[in-house]
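Data block below; observations after.
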Amino acid sequence: MRKSIFWLVLFLLMTVSITAQTPTVTDANYRIYDAQGNPATIEQIVDSIGGVDVVFLGENHDDQVAHFLQNTIFRTTFEKYGNERKLALSLEM
C-alpha cells in the first residue's frame, strides 16, 4: 500500500512538472555548495544524503529552478537508495 501511494505521488509530481510550462534549466541557472562553502555537484549532495535520516529541501515559492533541483535531488536519491532503504516525500503548499 505504501509503495502504491509513493508511486502515485511521484507520478503526479512528474506529470505536473512535465505539463507545467517551465523553462529549460541548465547548470548555468544555479550553483551548489557544500556545508563548508566549496563548490559541489548534485551527485555529491546525493552521496551525503546516504548518511542521514532526514533531508529538508527548502525553496522560494514559484522558483522553477529550485523546483527543478528538488525534483532532480529526490529522483537521483531514489535511484541510488530506493532499493536499500525506505524513502518518503512530504510536500507543503
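Taking segment 44-86 as the range and being more than 23 Å from V25 (Cβ to Cβ) and surrounded by 13 or more Cβ atoms within 10 Å (Cβ to Cβ) as the test, only Y81 passes. When the residues of segment 30-43 are filtered to those that are at pLDDT 90 or above and surrounded by 12 or more Cβ atoms within 10 Å (Cβ to Cβ), which remaining residue is nearest to R85 (Cα to Cα)? This residue is I42.
Pairs meeting the criteria (first residue in segment 25-45 and at positive phi, second residue of a type outside the set (K, R) and not in a loop (DSSP other than H, G, I, E, B), beta carbons under 7 Å, at least 6 apart or on different chains) are lacking.
The values are calculated or read from the model by the stated rules, or taken from the named source; none is laboratory data. Since we're looking at a predicted model, the values are computed, not measured. Every residue, glycine as well, gets a Cβ built from its backbone with ideal geometry; the counts of neighbours run over all protein chains shown.
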